[in-house]
Amino acid sequence: MHKIFLALAMAVLASGPVAASEKTDVMAVMHQWVDGFNNGDMKSWVATCADQTSIIDDIPPHEWHGVGGCSKWWDDFNAFTKANEITNGKVTLGKPRHIDITADRAYIVVPANFTYNMKGKPMKQSGSIVTVAMQKLHRLAYDWMGMGAAIDVAVKTGSGH
């Protein structure tokens, strides 16, 4: 068994006092991201991304950036899960450990769990940490610029990965 560690590039931001509504806005984007992923809705998932996004992951080709980076990652992730017979992936978020907001930037650290089927067998991965950097690009909405996570998915492959 090999482990996949999903690590998407992020920016570290300074923390400061913020209103509860700002934290709610940031978490609304996180929930849209999770809902899009869980429902297989690429359009909704990609809508949470800023135009310029960086993603690093150990699935090939390991790095995506710039305009369209999120949709390119989505396509490559789906190709990887298909090749490894991974289906029905669902992410659940825990209580955020950090939500730091300064001006138009946010830094979020939240625990996550991932359940899925691999070759028809139910699997569960618990205790991941998702880290996301966001920028408020519109007057009322945040978009994530990059994300980091330790998502530990057991995958058995014949290709030596």
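Computed from the coordinates by the stated procedures, all read-outs in this text should not be read as laboratory data. Values in this document were obtained by computation on a predicted structure and should not be read as measured data. Ideal geometry is used to build each Cβ from the backbone, glycine not excepted, and the neighbour counts take in all protein chains shown.
Some notes on this structure:
- In this simple spin-label model, placing a label point 7 Å from the Cα along the Cα-to-Cβ direction at both D35 and T92 gives a separation of 1.8 nm.
- Net charge of Cβ neighbours under 15 Å - reference F37; Lys, Arg +1; Asp, Glu -1: -3
- Site pair M42 and K119 shows an inter-label distance of 2.8 nm when each label is modelled 7 Å from Cα along Cα→Cβ.
- Given K72/K121; K72/K119; K90/K121; K82/K121, the pairs whose alpha carbons are separated by over 21 Å: K72/K121; K72/K119
- Nonlocal amide H pairs with G68, under 5 Å, H built at 1.01 Å: none
- Compared with the alpha-carbon gap, the fully stretched path from D104 to K82 is longer by 4.2 nm at 0.36 nm per residue.
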